[in-house]
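Take a look at the structure set out below.
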Amino acid sequence: MTAAIHARELTYAWPNKPALLDVRDFRIERGERVFLRGPSGSGKSTLLGLLGGVLEPDSGHIELAGTDITPLSASARDRFRGDHLGFIFQMFNLIPYLGVLDNVVLPARFSAARAARVPNGDLEGEARRLLDALGLGARDIASRPVTELSIGQQQRVAAARALLGKPEIIIADEPTSSLDADARTDFLNLLMRECGTQGATLLFVSHDLALGGLFDRTVQLAQINRALEVAA
Amino acid sequence: MIFSLALRSLGNRRSTALLTVAAIAVSVALLLGVQKMRTAARESFANTVSGVDLIVGARSGQLNLLLYSVFRVGDATANVSWESYQKIARHPDVAWTIPISLGDSHRGFRVLGTTNDYFRHYHYAGERALVFTEGKPFAALYDVVLGADVARALGYRLGSEVVVAHGLGNVSFALHKDKPFRVVGILAPTGTPVDRTVHVPLEAITAIHQDFQGASQPAIGARIGASAAREQVDLTPQSITAFMVGMRSKVMTFTMQRAINEYRSEPLLAIIPGVALTQLWNLVGIADTALMVIAGFVVLAGLLGMLTAILTSLNERRREMAILRSVGARPRHIFTLLVTEAGLLAASGVLAGVALCYGLLFAAAPLLERHYGLVLPLTGLSTQDAALLGAIVVAGLFMGSWPAWRAYRNTLSDGLTLRV
């Protein structure tokens, strides 16, 4: 079985800057839950951009769920991202003018593959199930404007959105940094449980090492990024 | 998909969107209003006089003659002698003539001396003849027939007494008080200068001026009473201001025009009303083109307002764009989203503007007709109007593609990075 994420001989530099990323071999198995620790400036955003397919590496290959996305065109990479990846960001993850349910089903609007993987094509039902699983079962949550939700609730809605349509890979970029300690653990437990249920691979990026113990494996970005070693 | 996103995004910024739509709506209403007004004005202008083949007056300018004879604007520089008038009126090719004698006024309305032929032969708006809502044409010397506006504005009914002022001032101190007229007829509204005219028999003009020497009042004791004036044997005027001619055969019109213009015993000018009206319209039309240009610029201002609103929102929406991209939106989706928003704003603005314009026209049409004789037909949108409105929406889309392009560039550089 191929890996969920496999980056080989990957290099990237912003124009006229020294190399920012130089990853020889970084592999995450399917279903694995990996904590990637990267302080700001370590090339974290760039790596996520490369994995998400919005940036093109200068050289090397990125394989996601068995597909090498590097030779794909920009729009094919966009489509691939929509079909196979779910993203959760730090905060204000939601489209402010859409309701909770519409935010959750958004990926299915852009990706037919994600919509097809929703049981019986019942997008709303699946969205409600995910919200319920993430502890947002209360009836009135779904009908409230997203701007009225607490940050913790917003992050769970974002997690439900990332999980909708069973993408193979969930990438979470500092999703807990604006939550307090209790909410952080709660959120992570729910997220991991749901990733487990769906068989999704989780790449969790944060600078907060305290969370590392909850994951299968912790990787320091500095360990895999040779560009940083040279600079250091 | 993108369309519903665009709708909801605008709904989220409701007040800005509504103001933008309102600005476009007002500008579109103005443009459409000007367009309607100028069509109506042009039509009502061309409809002022019809059925008249020639208008003859003393030699001056073509426009001058048209203005004072038809629009009652300005003054004749000279008169036409009665002999010349009779000579032309009796010409075998001439079917009928309407003599016109101007110079007096009644409370701001022009007094026009003429004969009953006026009511018989004067036509407007194609085939429409003058109609009496009340009363009948002249029967006696001091009878007066009022245009619709005059009767309405001054509250005159049949039998009311009318005193004519000498000269044209709104408030004249030289009144023909000793010779009051009696209203015998009131005409139906025509939307032409006829509505604002006080018609009296041609002979009455002679009668009331008998003791006037020039423009000054006669000396006390030198006045001639109304009945004495009536008893005067000959009230045939020595001259008239102008006259209108109907030919037996239209074919003869040009021959007659040339003959009159070359008339040797008196310098006369004959004009063909249609030709002169077109010439006058071309002159007046400059103002109306200017109005149209101004209205066009107002629409441009409305669209620029929209552009400003969209551009200022772009920075706060970079996060939104990154989120959309993270769920699979391509940069061209972002571009389409913003162009769609601009298109929706422009289209709603145009629709609201059309509604506003028709609402205003509906409300204002009776007023305009009453006060200015401008008939605004509540017609649907002409193809020209529709093309104009379509062009505004297209312009909106075109302008929207600028912020859309910027968002496209932003989203390419931001990628999945959430910027505040």
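The values are calculated or read from the model by the stated rules, or taken from the named source; none is laboratory data. All of these numbers come straight from a predicted model, not from anything done at the bench. With ideal geometry, Cβ positions are generated from the backbone for all residues, glycine too; neighbour counts draw on all protein chains shown.
Observations, loosely collected:
- Within region B:30-46, none of the residues are surrounded by 21 or more Cβ atoms within 10 Å (Cβ to Cβ), at pLDDT 90 or above and over 20 Å from B:Gly390 (Cα atoms).
- Among the numbered conditions (1) closer than 22 Å to B:Arg14 by Cα; (2) at pLDDT 90 or above; (3) more than 14 Å from chain A (Cβ to nearest Cβ); (4) touching a Lys or Arg at 6+ places or on another chain (Cβ under 9 Å), the only one that B:Cys357 does not meet is (1).
- Residue match in region B:305-314 (condition: within 14 Å of another protein chain (Cβ to nearest Cβ) and in a helix (DSSP H, G or I)): yes
- Residue selected from region A:58-87 under the condition of a type outside the set (Val, Ile, Thr), crowded, with 20+ Cβ neighbours inside 10 Å and over 14 Å from the mean Cα position of the chain (by Cα), by the criterion farthest from the other protein chains (Cβ to nearest Cβ): A:Arg77
- Selection status of B:Ala290, within 25 Å of the chain's Cα centre (by Cα), of a type outside the set (S, T, N, Q), within 30 Å of B:Lys36 (Cβ to Cβ) and in a helix (DSSP H, G or I): yes
- Scan of region B:65-96 for residues that are of a type outside the set (Val, Ile, Thr) and part of a helix (DSSP H, G or I), ordered by number: B:Leu65, B:Leu66, B:Leu67, B:Tyr68, B:Ser69, B:Trp82, B:Glu83, B:Ser84, B:Tyr85, B:Gln86, B:Lys87, B:Ala89
- Qualifying residue in region A:98-106 (condition: away from chain B (no Cβ under 14 Å), of a type in the set (Val, Ile, Thr) and assigned to a helix (DSSP H, G or I)): no
- Test: residue in region A:68-87 that is out of contact with any helix residue (DSSP H, G or I) (no Cβ under 6 Å at 6 or more places or on another chain), at pLDDT below 90 and assigned to a loop (DSSP other than H, G, I, E, B): no
- For first residues located in region B:6-18 and within 10 Å of B:Ser348 (Cβ to Cβ) and more than 7 Å from chain A (Cβ to nearest Cβ), partners that are part of a helix (DSSP H, G or I) and modelled with pLDDT under 90 and lie 6+ apart or on another chain with Cβ distances below 7 Å form the pairs B:Ala17/B:Leu10.
- Residue match in region A:28-40 (condition: closer than 22 Å to B:Leu418 by Cβ and surrounded by fewer than 20 Cβ atoms within 10 Å (Cβ to Cβ)): yes
- Unique residue being within 14 Å of chain A (Cβ to nearest Cβ), assigned to a helix (DSSP H, G or I) and surrounded by fewer than 18 Cβ atoms within 10 Å (Cβ to Cβ) when the list is B:Arg325, B:Arg332: B:Arg332
- Checklist (1) among the β-branched types (Val, Ile, Thr); (2) in contact with a Ser or Thr (Cβ under 8 Å, 6 or more places away or on another chain); (3) within 14 Å of another protein chain (Cβ to nearest Cβ) applied to B:Val299, failing item: (3)
- When A:Gln90 is tested against the conditions (1) part of a loop (DSSP other than H, G, I, E, B); (2) more than 8 Å from chain B (Cβ to nearest Cβ); (3) out of contact with any helix residue (DSSP H, G or I) (no Cβ under 6 Å at 6 or more places or on another chain), the lone failure is (2).
- Which numbered condition A:Arg30 fails, given (1) facing chain B (nearest Cβ under 9 Å); (2) in contact (Cβ under 8 Å) with a residue 60 or more places away in the chain; (3) part of a loop (DSSP other than H, G, I, E, B); (4) in contact with a Ser or Thr (Cβ under 7 Å, 6 or more places away or on another chain): (1)
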